[in-house]
Every structure is written in C-alpha cells, then in structure tokens.
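Report on one structure; see the data block that follows.
The values are calculated or read from the model by the stated rules, or taken from the named source; none is laboratory data. Because the structure is a prediction, the values reported are computed rather than measured. Please note: Cβ atoms are built from the backbone with ideal geometry, for glycine as well, and neighbour counts cover all protein chains shown. The protein model used for the area step is the full one, side chains on, heavy atoms only, and it has no ligands, DNA or RNA in it. Shrake-Rupley method; radii C 1.70, N 1.55, O 1.52, S 1.80 Å.
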Amino acid sequence: MPPTRRITEVGFVATLDKSIMMEPRALRDSSVLPEVIEYANDCHLYIIAHRPMTVVDPESLRIDGNLMTARFINRVDSEESVVECTWTQPHVKGGVKIETTWPHNVLRIFDASGKRIARGNASLFLSYAMANAESDSERLHVDTEFLDLAVDYVGKAYGADGKRGAFTRLQSHSTLQRILVELSRDMEAWLIMLDSTKYTVYSTIVPSGSPRDEQDLEDDEHIERTLGSELDYGVVVDLVEGCLVKYFQPPYNVQLKESFPKSTAKPLAELYARDLNSIGFELDIRHLGVRLRSADEEGVICVGPSFEHGAVYRLHDLESRKDMFDFVDDIDALAARRESRYGNFGRTADPEAQRY
C-alpha cells in the first residue's frame, strides 16, 4: 500500500505598508519638502487615479490657529452634494487667513505675516477632516460622494540599480500626461505612491501520512527551497505590480491585465524555481483618507470601493498544478481550507483571485 501524503501549499504575499498621496502639481512644486520627495522616491510602485472635483463655498471658510471650518461641494451629472466640516488641520499652526479663488477647488492658508503655510486641493483638506472621523460609518456618504478614487493606471519605478523612485518617474510620465489631458474638467487626478517593506512566504500543511515518510521529506525540501533565502527586491516590485494590475484592471494599463501571472514572465522565474504555488498582495490605505475602486474601459465595475484590498493568484492552472505536485485529487478543497483559515480580504470581481 503506497504511503499517504500531506499537502503543502506555499505562497508569497507582499504587504504594501508604505504609501503617500499627492496632487500631480506637486511633481513640479519647488515648495515640496525634500524629505517628502525622499519618502516618495523610496516608493517603487504608484497608482494614478481620479475623482470628481471638490470645491468650497468661500463664504463658509473659517480658521482659528489650526481649527478649520468649510462647506464642501461637488457636482456629478447635475447632482450636487454638500457637506460642512470643522476639523483640526495637521501641520498648520498660527493660520489666520484662508482664501480661495475661482473655481474654489484650491485653498491657501497664511500666517500673521502673510506667509503661505499651506496650500492644497479642497478634497485634500476634506480628506484630513474625514481622517478625524470617529468611525467609518460617519464618513461613508462623504467617501462615496467626494473621496473615493477610481484607479486609472498602475506602474512601477525601479531602475537597474534599484534607485529610481516613483516621484522621479512620474515627473516624466507619458501616461500620466495623457490621463490629465483626457480627464474631464469636473474631475481631478491624484497619485498614490506605494512600497512594500515586508512580505510573507507562508505554507499550508495538512498532515495525513506517517511521520518522516518519503512525501514528508520531499515537502521539507520544498519548504527549504522556498524559505532558504530572501527574494530579490526587484522581483518583488515586478510581482506586486502584476498583482495590482490584475486586481484593479485599470483602463490605461495594456499589459498584465489578462496575462498575469504568465509562466514565461521573467519575474516569475525565481518563484517557479522555489516551487511557490501562489502570489498576492495586501493593501490598507485608511490612513490616506481615501477608498479605492476601479472599472474597466466599458465602465464595468472591477473592484468596489474599500480601504482594504488584497488578492492571491495561482501560478499554475488547476490541472498543471495537480500534475506538478501530485498531492490530492481536489485542489479546490485546499483553497477552501486556506480561505476558511484566513477569511475574505478586500473586494474583487475577478474570479481568478483567491482572497485571504
């Protein structure tokens, strides 16, 4: 009687735990602090997105030190949404004057000497206000009508020496310029720069055989190949870019939306050599005060609005994976066990994505 076997599922998940959000004009703004640019250039992935333009009622503006009040307005398809907020504005001290000029989508704050101490889109100030909300339910209608971002493009910035960053890359970016030109005048573009400072290589093991049998030893060798050394960071950037494009299906991306993960893709070579079975990402941007969503070129929803996103993709189709590992007859049973263990994470319309 042949020995029974255990199942080993080995996967890679990158956590996008570093992020910063900017208006496109910041790419050419000499007043942007050097430390902000440095932080943005430490990010090697980026998202270009848009949302309806937010304006303010100039008669509603009040400031007292760093306590601000404003009435925010936007219009979509002739429908007007209005919300009034009072909030503590971070990084602003001693503000005594706030002003805006037509079309009232930009706010400027000045101190007693007349020096400008803050400047930004109205929606950026609203994001700060909503970041202070006590619960998600308080801000849900504001997110939906004002702050949700639709993902247009996902890209990477990682040169041969690994030193190229997202801020520098976006300063000369043809797709960004195209998006800005094609975006309707009642919309505004935003940039989110991302990076992963940690990733997890995990294994799922279901013991079902005799200790130290042949399959047990093979599984140990498999795990050792996987965990024996760190992945090259350039490979991590490539893989996470592919995951994000596959997940969001951005309308301005051409490659990777359908082909990722592709067995012949160069970034996957290292993962195949280590017998990794799946790759994925997790992203939480609650601290940025925005939710991400996406739709394809036809307007079909791909991902619903959420602060949290994540997905895991198989490196092999079910049949080839059965042949490759020869573990069990029912690979879906393994996926069900993993999903039961980790629960659902994020939202996606992509049936190929396995959530945690």
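Within region 237-250, the set of residues being out of contact with any strand residue (DSSP E or B) (no Cβ under 6 Å at 6 or more places or on another chain) and either open to solvent by 10 Å² or more (accessible area, probe 1.4 Å) or among the aliphatic types (A, V, I, L, M) (or both) comprises 238 only.
Of all residues in region 28-76, those satisfying the criterion of being farther than 30 Å from residue 165 by Cβ, in contact (Cβ under 8 Å) with a residue 60 or more places away in the chain and not aliphatic (A, V, I, L, M) are 72, 74, 75. Screening the candidates 16, 45 for the property of being in contact with a Lys or Arg (Cβ under 8 Å, 6 or more places away or on another chain), among the hydrophobic types (A, V, I, L, M, F, W, C), within 27 Å of residue 303 (Cβ to Cβ) and buried (at least 20 other Cβ atoms within 10 Å of the Cβ) yields one hit, 45. Residues in region 56-92 that are among the aliphatic types (A, V, I, L, M) and within 30 Å of the chain's Cα centre (by Cα): 56, 68, 70, 73, 76, 82, 83, 92. Just name the residue that is most open to solvent (accessible area, probe 1.4 Å) out of those in region 104-128 that are hydroxyl-bearing (Ser, Thr, Tyr) and touching a residue at least 24 places away in the same chain (Cβ under 8 Å). Here the answer is 128. Residues that are modelled with pLDDT under 85 and hydrophobic (A, V, I, L, M, F, W, C) do occur in region 272-281, at least one of them. Checking each residue in region 88-131 for being at pLDDT below 90, among the aliphatic types (A, V, I, L, M) and not in a strand (DSSP E or B) picks out 92, 96, 112, 124, 126, 129, 130, 131.
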